[in-house]
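The structure appears right after this line, and notes come after that.
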Amino acid sequence: MTPDAPAAPADLDLLYRDLSAAHLYPLWNIGRELLPNHPRPRAIPWLWRASVMYGLAERAIRAVPVDRGGERRVLSLGNPGLAGAPYAAGTLWGALQCLGPGETAPAHRHTPGAIRFVLRGTGVWTTVNGDPCDMEPGDLVLTPSWYWHDHTNGGDGTMFWFDGLDLPMVEALDAVFYEPYPEYSQPAGQRGQAGRNESERLHRPRYADGAARRAGPDPSPLLVYRWTRTSAELDRLARARRAPMASLEFVNPQTGASVLPTLSCSMHRIAPGGATAPVRRTGNAIFVVFRGAGRSVVGGQPMDWSEGDMFVVPSWAAAGHSSRSGADLFELADTPVLRALGIYREEVLG
Ligand code: GTQ
Ligand code: FE2
């Protein structure tokens, strides 16, 4: 087709005015930001220090009770690139949750799925769809989408753990549902009694060497992965590989897929003196330092971290990790979604 002569500027102005009034946008004026050559997440690489977070959490314990309405004493990681949204990255919620002795956070359920990675303290259990799961440092506890859950501190000290949720993702899909449990909490009995930690009686933990290659629609039927097993598996992988970093993914024991349809959980053990090649991947990730100290370079930005710190690796930002003394890092990512949609990519650099 031969194009007509270009329109006069006045005609164009009129066209744009009328398009705008009709709520239509000409793509040719929107430009390339709609389809950049590679992902350009608004979230930036960022680190939250334990030395800052724990002090504030202790103050929150003294100042704010846990009950219906607030539901949880949670400090959410807010990425400075996200204009005040309480999200660690565009797709991920990350937070530090704490519960004082004798406190119970009320039971509820929601379509966003959640994971807990335990950091400090003892004596808390999370009851997941009627199954009280005891929590100890290094344990991973799952609360899949629409499962009832409440947290009880039956011990005499404060307990802290990392929460990860797919909340921003489910919100972007306009699929958030929420419901309070009809009672304040689910029946759970006391610690040490029978009828608790049932999922562990029925299923054995399973780990993928490196990363799960598959996503699946079903959450893992095993609700708790214990640190002693995870750590032993990391030792085994470290001995077999002799790489700067041993990595495993917690997987569904029945299918080998990531633990939740939307979220993957991994553990990395950096060998003393180890330094990994930078890698970039599609999808966002939150890292939680469980043990040790070290440095990560994320999108060219060096971040020195130590125990309890949390940091974000936004999609497609290259990340390399190193540690002089050795370190254990927990990682939460949205990889299963990218894999399920056929848009996962990764690239090793350097
Ligand atoms: O523990 O149920 O960090 O519902 C955010 C929302 C934790 C929880 C969070 C939640 C929870
Ligand atoms: Fe919840």
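The values are calculated or read from the model by the stated rules, or taken from the named source; none is laboratory data. Here the structure is a predicted model, which is why all the values come from computation and not from measurement. Using ideal geometry, Cβ is built from the backbone for each residue, glycine included, and neighbour counts are taken over all protein chains shown. Just so you know, the surface numbers come from the protein's heavy atoms only, side chains and all, with ligands and any DNA or RNA stripped out. Shrake-Rupley method; radii C 1.70, N 1.55, O 1.52, S 1.80 Å.
Residue 168 meets the stated requirement of being within 12 Å of ligand 1 (Cβ to nearest atom), at negative phi and at pLDDT 95 or above. For the structure I just gave you, tell me whether residue 138 is under 14 Å from residue 262 (Cβ atoms) and modelled with pLDDT of 95 or more. Here the answer is no, as residue 138 does not meet what is asked. Total residues in segment 168-206 satisfying the condition of being within 15 Å of ligand 2 (Cβ to nearest atom) and either assigned to a loop (DSSP other than H, G, I, E, B) or open to solvent by less than 40 Å² (accessible area, probe 1.4 Å) (or both): the figure is 8. Among the residues of segment 33-48, at least one is open to solvent by less than 70 Å² (accessible area, probe 1.4 Å) and within 15 Å of ligand 1 (Cβ to nearest atom).
Residues in segment 143-165 that are away from ligand 1 (no atom under 12 Å from the Cβ) and charged (D, E, K, R): 156 alone. Here residue 108 meets the list (1) within 11 Å of ligand 1 (Cβ to nearest atom); (2) closer than 23 Å to residue 310 by Cβ almost entirely, failing just condition (2).
Looking at segment 141-157, can you tell me whether even one residue there is within 14 Å of ligand 2 (Cβ to nearest atom), buried (at least 16 other Cβ atoms within 10 Å of the Cβ), of a type in the set (A, V, I, L, M, F, W, C) and assigned to a strand (DSSP E or B)? Yes; the residues of segment 141-157 include at least one that is within 14 Å of ligand 2 (Cβ to nearest atom), buried (at least 16 other Cβ atoms within 10 Å of the Cβ), of a type in the set (A, V, I, L, M, F, W, C) and assigned to a strand (DSSP E or B).
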